[in-house]
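S.K.: Before we start, here is the structure in question, set down as structure tokens.
The values are calculated or read from the model by the stated rules, or taken from the named source; none is laboratory data. These numbers come from a predicted model, not from an experiment. Backbone-built Cβ (ideal geometry, glycine too); neighbour counts: all protein chains shown. Side chains included, ligands, DNA and RNA excluded: accessible areas come from the protein's heavy atoms. Shrake-Rupley method; radii C 1.70, N 1.55, O 1.52, S 1.80 Å.
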Amino acid sequence: MVRVRLENVSKYFGRVAAVIDLNIHVRDGEFVALLGPSGCGKTTTLLMIAGIYKPSRGRIFFDDEDVTDLPPKDRNVGMVFQSYALYPHMTVYDNIAFPLKLKKTPKSEIDRKVREVARLLQIEELLDRKPGQLSGGQQQRVALGRALAKEPDVLLLDEPLSNLDAKLRVYMRAELKKLQKELGVTTIYVTHDQVEAMTMADRIAVMNKGRLQQFDAPEVLYNRPANLFVAGFIGSPPMNFVEGSVVERNGEYFFEAGGFKVRLPAELGRIGAERGEVVLGVRPEDLEIYRRDGLGGVEASIYVVEPLGRDSIINVKVDGTVLKILAPAEIRVEPGQTVRIRFKPSRIHLFDKKTGRRLTYS
Amino acid sequence: MPAKNRRTRALLRKTAKIIVIIVVAVIPAIPIWIMYAWLIAQSFSARVIQGILPSGFTLSNWRFLWTRVSTVYEAGLSIWPYVANTLYLALGVAGLVVLVSSMAGYALSRMEFKGRMKMMEFIIALHAFPSVILLIALFILLNKMGLYGRGYVTLTGIMIVKAGLEIPMASWIIKGFFDNIPWDLEWAALVDGCSRWKVWRYIILPLVLPGIGAVSIFSFLSGWSEFLLVYTYVSNEKLYTLPVLIYYLISDLESMPQWGLLTAMGLFYTLPVLIFFSTSQKLLLRIYVGGVKG
């Protein structure tokens, strides 16, 4: 097990920058997710850690050893590809045994390890089959087995669950997490699915357009997103954003945008007022809906209701802007109805409109 | 009533389909099959009635396999040196084609370089040239290179020319097989601990083997059946290949050709073709269907 350290790593393909100035420290035994939309450079980063791509600039360390110039075979990493990349001409057994054979492991030892991994992943009865005869879920487990059999220092996973059906994906999410904790292997997991990243990872590195946006624990990303991108990418349904400005009246601070007028906590209001133009962000669950007048808040009209069973996403329109509100399913409202909505003051985020950064106060 | 109508129509359509298949696929093949059947029957018959109907069973037409036969062309002719010549040419062509086209196919499929597309179009254009129009130019070339009129060197020259004509198409076929191997597979092998060479040896080679097999069979057969180049450039009778030998045996009209012997030799000459096509049908189909499905 090792620590993985990326220092100022950049990767250019011709003139296109895929990864820019990336700094990530992964702790020993940690499960880190690289999260971002497609084309954000997360798979490129993974391939650089594996040694397939060489960084254009910067260094990569495993523990204190500089592995930047080492070929993949000398890095002892295990990798699961999105396509699984099983060798179609080999049986499942040979697929799993392949990395061990290359290491010149004795035959009896190979056999023991292959069977051990197969038992762990419950694919013992598949050992004689060829990959073409397996279902997607089975192939995925074989690929994982091949990566684990060599007892890698670092396990790299490139969207391993994206080709599975929804039900199996949810099941494998928990299985993978449990397996990773049991083995204690340092794991880097690439995904574009924020739910996968949130549920499985110890820490998440959110990337966009080749740059690291924020690298922190899931709850920190959720509750204190560093910028507009992270705020909008993490959470489903996504955070609501309203552009406007902060004004001061009689020592109180208000966020104003057309028909919006939201009172802000004093500290947040003060730094908001210094910026002038800001973006207000609030998560759907931090908005409350009232049917009666007289409780303050903002007047809104119901736009669409999306029932989810346990709760509903209620879309309301305030002065032309649609906000999503996560409300208990018991709240019955009809489209067109006028209601009032209230913002939980402590849950309001303000972002600098120019830089996109979240405004913080100590 | 309408249900019955529909059923009749479906039946009619099915019958029409079968008739079309018979007309298009089976009927044109009938004359060819009749000719082959005649050839086989003729080669085993002692006498021929009216030049058409075979009668009486004999193996004497096949005697060229174990004895020298006297022909108008050569008094004590043994077929084996000619078989050796033909094999030399065909195997040489196959070897050269596989060697060059597997490397060229890999480069065309895997490497990014300027003008790759143009190069591939150019390669296909090369294949379009019939060798007849190149005969004189090639003659001058071979002569200048000292590959003409010097025993087996002449056959080697022809081997190179023939391989050159086959390589473009073969490269394209093999490129298709390389295209079907995803990068992920190579990367996975690298991560699993392979060097580049081992990736080629353990992962890529087994997956393109059907392509290499198909290309080697095709080029072997085209070398085996090459007539024009040998007929034009080989003046030494000892270096004739089977197609040219058979041509001379047939075309000698001073005396009556021995038809029985000729049919047997003709069949003997087609044997490799028949064997290859019957054993490698699946492989050949994969060239057109493509894919490296496990």
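S.K.: Taking only protein heavy atoms into account and a 1.4 Å probe, give the accessible area per residue of the protein assembly as shown in Å².
M.R.: So the protein assembly as shown comes to 51 Å² accessible per residue, rounded to a whole number.
S.K.: Taking the 0 to 90 degree range and rounding to the nearest ten, how far is the long axis of helix A:266-275 tilted relative to the main principal axis of chain A, both from C-alpha atoms?
M.R.: Helix A:266-275 sits roughly 90 degrees off the main axis of chain A.
S.K.: Select from the stretch A:40-64 all residues whose loss of accessible area on going from the chain by itself to the full protein assembly reaches 10 Å² or more (probe 1.4 Å).
M.R.: A:LEU47, A:ILE52, A:TYR53
S.K.: Something else about it: Would you please classify the overall shape of the stretch B:1-142 from the alpha carbon gyration tensor, given that a ≥ b ≥ c denote the square roots of the eigenvalues, rounded means a/c under 1.5, and beyond that prolate means a/b larger than b/c while oblate covers the rest?
M.R.: oblate
S.K.: Taking every alpha carbon pair in the stretch B:150-270, what does the distance histogram look like in 5 angstrom bins from 0, in percent?
M.R.: 2, 9, 14, 13, 13, 11, 10, 8, 7, 5, 4, 2, 1, 1, 0
S.K.: Right, next: Need one number for the stretch B:2-58: average projected area of the convex hull over its C-alpha atoms, nm².
M.R.: 5.7 nm²
S.K.: Rank these by accessible area, largest first, 1.4 Å probe: A:GLU219, B:GLU112.
M.R.: B:GLU112, A:GLU219
S.K.: Tell me the carbon and sulfur percent of the accessible area for the protein assembly as shown, rounded to whole percent, probe radius 1.4 Å.
M.R.: 59 percent
S.K.: Hey, another quick one. In chain A, if every C-alpha pair distance is counted and binned at 20 Å from zero, what percent goes to each bin?
M.R.: In order of increasing distance, the bins hold 26, 45, 24, 4, 0 percent.
S.K.: In bins 5 Å wide, starting from 0, what share of all Cα pairs of the stretch B:80-289 does each bin hold, as a percent?
M.R.: For the stretch B:80-289, the pair-distance distribution reads 1, 7, 13, 15, 16, 14, 12, 9, 6, 4, 2, 1, 0, 0, 0.
S.K.: In the stretch A:139-176, what residues drop by 10 Å² or more in accessible surface going from the chain by itself to the full protein assembly, probe 1.4 Å?
M.R.: Correct list: A:ARG146, A:LYS150.
S.K.: Given a 1.4 Å probe and no ligands, DNA or RNA in the count, how much accessible surface is buried by A and B, both sides, to the nearest 100 Å²?
M.R.: Interface area, both chains combined: 1800 Å², rounded to the nearest 100.
S.K.: Around A:ALA149, what is the net charge, scoring Lys/Arg as +1 and Asp/Glu as -1 over all other residues with Cβ under 15 Å from its Cβ?
M.R.: That works out to +3.
S.K.: Cα centroids of the stretch A:150-191 and the stretch A:299-326: how far apart, whole angstrom?
M.R.: With the stretch A:150-191 and the stretch A:299-326 each reduced to a Cα centre, they are spaced 36 Å.
S.K.: Also, quick follow-up: Output the 0 to 90 degree angle, nearest 10, between the alpha-carbon long axis of helix A:92-102 and the longest principal axis computed from the alpha carbons of chain A.
M.R.: Result, in degrees: 70.
S.K.: Another question about this same structure. I'd like the projected area of the protein assembly as shown, averaged over all directions, using the convex hull of its alpha carbons. Report it in nm² with one decimal.
M.R.: The Cα convex hull of the protein assembly as shown, projected and averaged over all directions, gives 49.2 nm².
S.K.: Can you pull the Kirkwood radius for the stretch A:240-352, inverse mean 1/r over Cα pairs, to one decimal in Å?
M.R.: The answer is 14.4 Å.
S.K.: If you don't mind, another one. Which positions within the stretch B:198-214 get 10 Å² or more of their accessible surface covered by the other protein chains, compared to the chain by itself, with a 1.4 angstrom probe?
M.R.: Buried by 10 Å² or more upon assembly, which counts only protein chains, are B:LYS198, B:TYR202, B:ILE203, B:PRO206, B:LEU207.
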